[in-house]
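Where a number appears in this text, it was derived from the coordinates with a stated rule and is not lab data. As the structure is a prediction and not an experimental result, all values here were calculated from the model. With ideal geometry, Cβ positions are generated from the backbone for all residues, glycine too; neighbour counts draw on all protein chains shown.
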Amino acid sequence: MTQHTLTIGTRGSPLALAQAHMVAAALEKVHGWPTGSVVIMPVKTSGDRLQDRPLAEVGGKALWTKELDLTLLAGETDCSVHSMKDVESERPETLVIAAMLERADVRDRLIGAGSIGDLPEGAVVGTSSPRRSAQVRRLRPDIRTTSIRGNVDTRLAKQASGDIDATLLAAAGLDRLGRREVGAAVEVSDLLPAPAQGAIGIECRASDAMTAALLKAIDHRDTHLAVLAERAFCRALGGTCHSPVAAYAQVEGNQINFGCEILSVDGRHRIAEAAHFAVGDLESPASLAQAMLERAPPEIRRLFEGQ
């Protein structure tokens with residue numbers, strides 16, 4: 001009988017479970033533990049239950065983390081595995097992101113056409129992401145976007161049935177589900193990714209130094225540094241799920257190359273920047289966010305006011 005070493009809390013969707021198994025396998029390998037010694041415990045979240053409305057209308061990103069946080073703080077699990085792009089910028093002080101796996105493909109994939117330019121005039125694109133909606137409408141003002149939610153199979157089915165002409169999904173998620181052949185990759189130059197897209201984070205109690213040390217062994221430094229910079233940018237904006245925000249940090253040696261943009265809901269207004277700063281410098285992305293907001297038109301600025 002295998003004795004368990006850690007218990008991972010995760011959402012129960014196929015993608016979330018695949019990511020939890022990736023973390024468990026990485027921990028077992030690096031520590032020399034027997035296969036199956038890390039236990040995976042699915043936790044039903046509010047975000048999984050509430051599928052009929054846009055996320056922004058029913059509580060935002062906290063719907064993906066609230067129940068996982070409560071389970072972790074109660075000691076029922078030792079850590080939680082998250083898609084980092086779904087984790088709100090402000091987290092409880094009692095929890096800490098102790099590690100991140102190496103980042104996967106940050107691009108989006110378009111399902112329904114070979115490129116955004118190939119979509120027919122007036123096409124309907126289904127997406128629950130304000131970022132994707134604004135970016136697509138900026139590139140193609142004739143396109144209409146409509147909100148869809150659900151897991152990957154649900155979204156693919158809506159496109160296959162003709163309910164929508166196309167949809168956009170994260171390449172990383174499709175790859176982790178073994179769907180590498182699905183969709184056409186959209187380059188970052190056309191659709192800058194969501195902050196932390198493609199990154200898996202592992203969170204534990206801030207007081208649990210033993211678990212944090214075990215998790216540190218699988219931490220990918222460059223991914224962690226890049227995602228921290230992107231999250232600092234978001235935190236300074238004060239954005240929510242209502243806010244079309246994109247950011248992508250790439251670590252090169254001791255420098256971070258940083259691209260970012262904020263948009264109006266319809267994509268007609270856009271403020272974009274590129275910057276370079278030292279790794280570990282979280283003040284610069286925060287200052288950049290504030291400077292962008294100061295010169296943004298009202299159509300963008302009002303999305304962040306009072307957040």
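Taking every alpha-carbon pair within region 236-301, the share separated by more than 17 Å comes to 39 percent. Of all DSSP bridge pairs formed entirely within the chain, close to 75 percent run antiparallel. Across region 178-307, the mean sequence separation of Cα contacts (distance under 8 Å, 6 or more residues apart), normalised by length, yields a relative contact order of 24 percent. Dividing the C-alpha radius of gyration of region 56-207 by 2.2 N^0.38 Å, with N its residue count, gives 1.14. Given region 99-151, report the % of alpha carbon pairs whose separation exceeds 18 Å. In whole percent, the share of Cα-Cα pairs in region 99-151 beyond 18 Å is 36. Magnitude of the charge dipole for the chain, about its Cα centre and with charges confined to Cβ atoms of Lys, Arg (+1) and Asp, Glu (-1), is about 440 debye.
Listed options for Cα Rg over 2.2 N^0.38 Å are [x] 0.90; [y] 0.99; [z] 1.11. The value calculated from this structure is the one marked [y].
Each semi-axis of the equivalent ellipsoid for region 123-207 is √(5λ) with λ an eigenvalue of the Cα gyration tensor; in descending order they amount to 25, 16, 13 Å.
Which percentage, to the nearest 5, of the DSSP beta bridges contained in region 108-186 is antiparallel? Beta bridges within region 108-186, antiparallel portion: roughly 60 percent. Considering every alpha-carbon pair of region 192-307, the percent of pairs per 5 Å bin, from zero through the bin containing the longest distance, is 2, 11, 21, 20, 17, 13, 8, 4, 2, 1.
Please build a GNM for the chain, connecting alpha carbons under 10 Å apart, and tell me which residue among Ala16, Ala172, Ala157 fluctuates the most. Of Ala16, Ala172, Ala157, the Gaussian network model singles out Ala157 as fluctuating most.
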